[in-house]
Amino acid sequence: MRIIVAEDETRISAFIKKGLVAEGIQVILAQDGVSALAAALSEQADLMILDVGLPLLDGFSVLKKLRESGSDLPVIILTARDSAQDTIRGLEIGANDYMSKPFSFGELLARIRLRVSDGARETPSSKLQAGQLVLDVERRQAHYRGKVHDLSAREFSLLRVLCEHHGKVLSPVQLLEHVWELDFDPGSNVVNVYIRYLRQKLGAEAIETIRGMGYRLVT
Ligand code: CA
């Protein structure tokens, strides 16, 4: 088993590393968010332990970029004690589990074993479902009302964000941030264009326009 430990406090990362190595687990250390993301995308790891407060790129941004790249690497986030908001946010953007500092190594190890052995990297996490819509992450396809639709990378990212927030209205600016990472002028109509592409594939009724607010996946 190989685990990425992304933590800038060397006292904590050394403590985790020592415990993992004693269990025969290989450890890849990352001390900032940029190297954590690079390791998660390039190394063949089984899991990442991700501190929320990291230099260069915070843990939430690392997690968000990782999930947007399509990776389903199990991630356990480390949050400050009693920071329920951080925990909720982390789980919303795709963390599999969390630990609040300070924590016991035994509890961390139990959670690692749970995440690595429950087959979290197999089928369940490669499919997302919202109502009648099922997204196949690996094949980049949408299954909707009995039909299968192949999607472009952007179409898929956009539909994925809508699917992950189904029932909620997302503004064009929120969608730009999630899917295009603000590379585009917020005044750009690129979101409308891609919503139209998705409607052409799935059917006009699949995505609802809420006037003056944004878009919602109909589930
Ligand atoms: Ca930190």
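The values are calculated or read from the model by the stated rules, or taken from the named source; none is laboratory data. Note that the structure is predicted; figures quoted are calculated from it, not measured. Heads up, the Cβs are rebuilt from the backbone with ideal geometry, glycines too, and the neighbour counts pull from every protein chain shown. The area values use the complete protein model at the heavy-atom level, side chains included, leaving out ligands, DNA and RNA. Shrake-Rupley method; radii C 1.70, N 1.55, O 1.52, S 1.80 Å.
Values computed for the structure shown
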{"item": "Paramagnetic reach from E9 in region 41-84 [backbone N under 12 Å; point 7 Å along Cα→Cβ]", "result": "51-54, 78-82"}
{"item": "The chain - percent relative contact order, Cα under 8 Å, separation 6 or more", "result": "13 percent"}
{"item": "For M213, solvent-accessible area (1.4 Å; no DNA, RNA or ligand), Å²", "result": "110 Å²"}
{"item": "Equivalent ellipsoid, region 20-63 (semi-axes from 5 times Cα gyration tensor eigenvalues, Å)", "result": "20, 11, 8"}
{"item": "Whether region 15-102 is rounded, prolate or oblate, judged on the alpha carbon gyration tensor where a/c under 1.5 counts as rounded", "result": "oblate"}
{"item": "Loop trypsin sites (Lys or Arg not before Pro), region 1-103 (other Cβ atoms within 10 Å of the site Cβ: 13 or fewer; DSSP)", "result": "R81"}
{"item": "Computed [θ] at 222 nm, deg cm²/dmol, the chain (DSSP H ≥ 4; -39,500 (n - 2.57); rounded to nearest 500)", "result": "-11500 deg cm²/dmol"}
{"item": "Taking all pairs of distinct alpha-carbon atoms in the chain, Kirkwood radius in angstrom", "result": "18.5 Å"}
{"item": "Proximal charge balance of L20 [Cβ under 14 Å; K/R count +1, D/E count -1]", "result": "+2"}
{"item": "Potential extension, E107-D58 segment - 0.36 nm per residue separation minus Cα distance", "result": "15.2 nm"}
{"item": "Overall dimensions of region 125-178 by Cα: Rg and Dmax, Å", "result": "10.9, 31"}
{"item": "Listed peptides 102-111, 135-144 by packing density, highest first (mean Cβ within 10 Å)", "result": "135-144, 102-111"}
{"item": "Candidates per trypsin sites (Lys or Arg not before Pro) in region 145-219, loop by DSSP, up to 15 other Cβ within 10 Å", "result": "R145, K168, R211"}
{"item": "Set of lysines with alpha-carbon distance to K64 below 22 Å, sequence-local pairs under 8 removed", "result": "K101, K127, K168"}
{"item": "Surrounding net charge for H149, when Lys and Arg each add one and Asp and Glu each subtract one, Cβ distance under 12 Å", "result": "+3"}
